[in-house]
Every structure is written in C-alpha cells, then in structure tokens.
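The values are calculated or read from the model by the stated rules, or taken from the named source; none is laboratory data. Note that this is a predicted model, so its numbers are computed, not measured. Neighbour counts are summed over all protein chains in view; Cβ atoms, including those assigned to glycine, are modelled from backbone coordinates with ideal geometry. Keep in mind that these areas ignore ligands, DNA and RNA; they rest on the heavy atoms of the full protein, side chains included. Shrake-Rupley method; radii C 1.70, N 1.55, O 1.52, S 1.80 Å.
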Amino acid sequence: MAEPGRHLILNVDDYEPGRYARTRLLRSAGFDVLEAATGTETLDRVVSERPELVLLDVNLPDVSGYEVCRRLKADPRTAAVPVIQISATFVGDAHRAEGLEGGADGYLTEPIDPRVLVASVNALLRLHRAEEALLASARREERL
C-alpha cells in the first residue's frame with residue numbers, strides 16, 4: 001500500500017521496457033507504483049491492492065485493455081478507480097472513443113510527453129478526490 005500522502009498507481013503494460021520507463025517516471029514524480037503485464041493480473045491486483053489509479057495499456061496479451069476497463073467499471077469494488085488507457089497501436093479517434101465509451105477516464109497515445117502523463121494522472125486524482133468529498137458530504141447530510 002502507499003505511504004500516507006502518496007498515491008498508489010497500477011502501471012499495466014506487457015511491453016517491459018515501456019512499463020519500466022513509465023514506472024520510473026511516476027516514481028520520480030512522487031507516486032508509489034505497482035506493475036502488471038496482463039489483463040488478468042490487472043483485475044486481480046486492482047481488487048487486492050486498491051490502487052488509486054490505473055494506467056492501462058490497450059493491447060495486452062490475454063484480455064484487451066478495453067475489456068479490462070469494462071470489467072473494472074462494472075465491478076462495484078473497482079468501479080470508482082480512475083483508468084487512463086494508453087496505446088501505441090490503437091491511436092485513432094475511433095479507438096479513443098471506444099476506450100472512453102467503455103469507461104476509461106482518459107486515453108493517451110504513445111509517445112506520451114512525460115509532463116502530459118504526470119499532469120493527466122494528477123488531474124484525475126484531483127477529480128477523484130473531489131468526487132469522494134462530495135459523496136462523503138452527501139452521506140453526512142443524509143444522516144442529519
């Protein structure tokens with residue numbers, strides 16, 4: 001689990017050099033990072049490790065990233081976890097639309113400027129925190 005004040009990210013990519021580079025970048029930006037190389041491993045790790053955000057390659061060897069995202073968003077235990085899909089292969093507007101319509105909260109195509117990746121992660125984490133605060137406030141109001 002992440003240290004207090006740090007954010008746990010799950011970085012998913014079957015291409016080891018790309019996964020390694022992205023993990024190094026995220027760690028240097030202050031994030032705690034876990035890794036996965038398959039869709040099945042991703043589904044298991046999101047449930048067991050509870051990351052705050054998933055960077056999800058679309059082209060995985062066992063289950064497509066599109067399908068992994070749909071499953072995450074359909075499961076009440078993982079539905080609120082933000083997902084940024086990433087692809088070097090599926091880079092057209094139709095691919096981006098498919099990812100976003102399938103539940104992804106963001107879609108980036110490679111090569112990704114490191115500043116854009118970190119800024120995208122930070123933006124989704126801010127949005128997620130704001131949503132959680134609104135839900136907590138609504139629950140408090142209901143109790144009153």
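Heavy-atom surface analysis with a 1.4 Å probe gives the chain a carbon and sulfur content of 53 percent of its accessible area. Annotation for residue 62 and residue 32: the two label points, set 7 Å from Cα along the Cα-Cβ direction, are 2.4 nm apart. The residue among 87, 63, 127 whose Cα reaches farthest toward the positive pole of the charge dipole of segment 58-144, with charges on the beta-carbon of Lys, Arg, Asp and Glu, is 127. Tilt of helix 65-74 relative to the longest C-alpha principal axis of the chain, in degrees (0 to 90, nearest 10)? Taking Cα atoms only, the helix is inclined about 10 degrees.
Using the Cα centre as the reference, give the magnitude of the dipole from point charges on the C-beta atoms of the chain (Lys, Arg: +1; Asp, Glu: -1; all else neutral), rounded to the nearest 20 debye. The dipole of the chain has a size of about 540 debye. If I model a spin label as a point 7 Å beyond the Cα along the Cα-Cβ vector, how far apart are those points for residue 77 and residue 143 in nm? Placing both labels 7 Å beyond Cα along the Cβ direction yields 2.6 nm. Probe 1.4 Å, all protein chains in place: accessible area of residue 77 in Å², nearest 10? Counting only protein heavy atoms, residue 77 exposes about 140 Å² to solvent.
Axis angle, to the nearest 10 degrees, between helix 16-28 and the longest C-alpha principal axis of the chain: 40 degrees. Which one, (i) 32, 20, 12; (ii) 25, 18, 15; (iii) 35, 20, 12, gives semi-axes √(5λ) of the Cα gyration tensor in Å as derived from the coordinates shown? Step by step, semi-axes √(5λ) of the Cα gyration tensor in Å for this structure corresponds to label (ii). Roughly how tilted is helix 39-49, in degrees to the nearest 10 and between 0 and 90, from the longest Cα axis of the chain? That works out to roughly 30 degrees.
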